[in-house]
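What follows is a short report on a single structure.
The values are calculated or read from the model by the stated rules, or taken from the named source; none is laboratory data. Small disclaimer: the values here were computed from a predicted structure and weren't measured. Methodologically, a virtual Cβ is constructed for each residue, glycine included, from the backbone with ideal geometry; neighbour enumeration extends over all protein chains shown. Ligands, DNA and RNA are excluded from the accessible area calculation, which covers all protein heavy atoms including side chains. Shrake-Rupley method; radii C 1.70, N 1.55, O 1.52, S 1.80 Å.
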Amino acid sequence: MIGSVATGILVLALLYVAQSIFAPLIFSLFVIALVWPCQAALQRFLPKLLALLITLSVTMVAIVVIGSSIAWGFGKLAQWLFVNADRFQAVYVDWTNWLEEHGLAVAGPLADRFDVAWLVGFVQGMAGRLNSFAGFAVLVFIFIMLGLLEVEDFNARLVAPAAQPYGMRILAANRVLGAKLRRFMIVRTFASILTGLVVWLFALAAGLELAAAWGAIAFALNYIPFLGPFVATALPTLFAIAQFEAWQTAVVIFASLNFIQFIIGSYLEPRLTGASLAISPFSVIFSVFFWSFMWGISGAFIGVPILIAFIVYCAGTPSGMWIATLLSGSSKADADRGS
């Protein structure tokens, strides 16, 4: 038992230290699981290399669209902050003075940390980190290209007699995992597009500046459960305070954005995913924050797919079934094994 715990800690430490290699590797494996059916379908009537080129092109366009939408949105916010810094600073001073008048001494320490300069630096830092994902994307592209070329050979090695009985177990788990991940991403993409459109239309109707930027940020961050929608809701509320200079309007915008996120994320999306993708909310939150700590933004995006993979592989072995049951949102083991 102690040896297993020590081994697990060492593996996690290796994943953290070597994140520049393992993060794009795991991300590329996730993408390969999503796009392999497209590659296989194209290979039926096209040469393998041409099918690979088409699949890679579509995949990288999708990745660039999602990453660029966040970078563009935060870039617009940074420009707006530079232009309207005086308005934001005035509102901020009024709020801190109001807190001090009501005996809240915490306003002083907050003023030393969370002033406008800090907010500008935060937005600039987010935009800069997102704009620097070019190297990450290049490495992911290389891994995806090599992985798609080897999928058929790898499956053939899994069914070889020398790889049994584990080979067939891994192959069966991979098929289940691929189906789950594709369903997860289809539903998540639909929910993200819908969220971005609704947030954009609401921002236009409310007269909130940078409506397109808020829609783009809501679309991209919706791929990160819990953490993404929270950021996509909190930021427009902060900017609404500076724009309208009235806390009542900011409260209405905050409540409306949370209502949008709740209807789409907590009502519509679970009904589209179904019981086969039911996962404990606590497990989802822990996975998002843990992999965000390990690998930053890329870890936040693939935290839930990693959790899904972990549950599938645990459900495929008798010794790990109890772990899959605990992490699943359903008490039935069949829900964990779903097809």
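Note on the range 164-282: with neighbouring protein chains present and a 1.4 Å probe, carbon and sulfur make up 75 percent of its accessible heavy-atom surface. Annotation: amide H-H contacts under 5 Å for I279 (H modelled 1.01 Å from N, sequence separation of 5 or more, or interchain): G329.
Net length available on complete extension from S4 to F293 is 101.8 nm, with 0.36 nm assigned per residue and the Cα-Cα distance removed. Here the range 186-339 is treated with +1 on each Lys and Arg Cβ and -1 on each Asp and Glu Cβ, and its dipole about the Cα centre works out to around 300 debye. For the range 213-264, the per residue solvent-accessible surface stands at 39 Å², with DNA, RNA and ligands left out and a 1.4 Å probe.
Per-residue accessible area (protein heavy atoms, 1.4 Å probe) orders R182, R188 as R182, R188, starting from the largest. Looking only at the range 166-186, which residues have a backbone nitrogen under 15 Å from a spot 7 Å from the Cα of V58 in the C-beta direction? Residues 182-183, 186 fall inside that zone.
The accessible surface of the range 1-65, taken with every protein chain in place and a 1.4 Å probe, is 82 percent carbon and sulfur. The simple spin-label model puts a point 7 Å past each Cα toward its Cβ; for A156 and L326 those points are separated by 4.2 nm.
Each of A232, F290, W200 was scored by the projection of its Cα onto the charge dipole of the range 182-339, and the greatest displacement toward the positive side belongs to F290; charges sit on the C-beta of Lys, Arg, Asp and Glu.
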